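The values are calculated or read from the model by the stated rules, or taken from the named source; none is laboratory data. Note that the coordinates shown come from a computational prediction; the quantities given were computed from them, not determined experimentally. Here the Cβ positions follow ideal geometry from the backbone for every residue, glycine too, while neighbour counts run over all protein chains shown.
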Amino acid sequence: MAKSKKVIITCAVTGSIHTPSMSPHLPITAEEIADAAIGAAEAGAAVVHLHARDPKTGKPDQSTDAFAPFLKVIKQRSGCVINITTGGAMTMTVEERVRPAAIFKPEVASLNMGTMNFGLYPMLARQKEFKFDWERPYIEGTRAGFFKNTFADIEYILTTCAENGTRFEVECYDIGHLYTLRHFADRGIVKPPFFIQSVFGILGGIGPHPEDVAHMKRTADRLFGDEYHWSVLGAGRNQLPIAAMSAAMGGNVRVGMEDSLWAGRGKLAKSNAEQVRLVRQIIEGLGLEIASPDEARVALQLKGGDKVAF
């Protein structure tokens with residue numbers, strides 16, 4: 001399987017990690033999420049990775065009613081690849097998490113590859129005031145809680161989406177998650193080409209050191225050979241340095257306000273598009289080109305935007 005020579009930029013525009021009090025620029029309403037995704041695509045993102053939120057409180061919301069308004073708008077106004085999360089939030093059941101992908105049948109859905117400690121609570125050291133009652137306990141809850149993604153959960157998501165033609169952004173937060181993907185691939189439950197998103201810098205997962213990045217890439221190469229496309233995301237201040245490493249190593253990148261609120265040291269990003277422009281500068285500064293949405297579709301063997309259910 002020939003590797004794409006162009007770099008696929010994914011932008012995760014809101015996520016479920018950061019809360020509204022942490023940045024005034026975090027997209028919350030359906031209109032804000034749609035505008036953020038379209039802006040990111042116009043800046044160069046081939047793929048947009050989407051979560052939904054309660055428009056009044058900003059709390060993560062995995063209901064189909066929360067997703068429907070912005071999915072339709074993005075599809076009407078942009079040709080980008082739409083990726084719907086099945087990660088949702090740590091507080092949700094796997095049935096809740098998979099429902100939007102099962103109903104809307106996107107080209108891509110995310111898939112977390114293992115149960116893990118997912119420590120967000122250190123953010124409380126710098127965020128003292130909160131606008132909404134849910135925010136502090138939500139973040140504090142990651143000290144004693146964990147992100148549940150058992151083998152049964154993963155198989156449930158894969159089999160629920162099996163007939164939809166949806167491919168997966170396989171999120172691997174540690175080396176063992178690569179072996180879990182290999183397990184499901186060996187069983188024929190998920191098929192190549194795999195789009196492996198290696199995640200660096202989440203407390204509880206692999207770290208952001210260059211040796212960690214190289215270790216993930218070497219292991220994926222050994223386990224999957226030419227049957228996969230590699231992408232990375234770095235949490236927080238690691239976003240751009242990790243992206244630069246991936247691009248230099250022949251990989252793809254993910255940015256966005258799900259993963260980082262920043263656009264440089266001490267500078268809040270004003271938009272997802274700003275982060276896309278910054279990583280695009282790095283990619284093009286290395287003499288590389290970015291992939292268009294249709295080029296990403298070819299590389300990842302996606303079914304096409306006309307075959308989704310929204």
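What to note about this one:
- Pair list, Cβ under 8 Å, 6 or more apart: region 132-158 residue more than 21 Å from Gly114 (Cα to Cα), other residue of a type in the set (A, V, I, L, M) and part of a strand (DSSP E or B): none
- Residue in region 79-92 that is under 27 Å from Ala291 (Cα atoms), part of a strand (DSSP E or B) and without any contact (Cβ under 8 Å) to a residue 60 or more places away in the chain present: yes
- Helices (runs of 4 or more DSSP H) within region 143-258 that include 3 or more residues on the phi > 0 side of the Ramachandran plot and in contact with a Gly (Cβ under 8 Å, 6 or more places away or on another chain): none
- Positions within region 21-31 being crowded, with 19+ Cβ neighbours inside 10 Å and touching a Phe, Trp or Tyr at 6+ places or on another chain (Cβ under 7 Å), in sequence order: Ala30
- Scanning region 109-129 for residues that are crowded, with 21+ Cβ neighbours inside 10 Å and either out of contact with any Gly (no Cβ under 7 Å at 6 or more places or on another chain) or of a type in the set (Gly, Ala, Ser) (or both) gives Ala109, Ser110, Leu111, Met113, Gly114, Leu120.
- The criterion of being farther than 12 Å from Thr10 by Cβ, touching a helix residue (DSSP H, G or I) at 6+ places or on another chain (Cβ under 6 Å), surrounded by fewer than 19 Cβ atoms within 10 Å (Cβ to Cβ) and at pLDDT 95 or above holds for Leu286.
- In the set (1) of a type outside the set (S, T, N, Q); (2) buried (at least 17 other Cβ atoms within 10 Å of the Cβ); (3) outside any loop (DSSP other than H, G, I, E, B), the condition left unmet by Ile103 is number (2).
- Pair list, Cβ < 7 Å and 6+ apart or interchain, from region 236-262 residues that are of a type in the set (Phe, Trp, Tyr) to residues that are outside any helix (DSSP H, G or I): Trp262/Leu268; Trp262/Ala269
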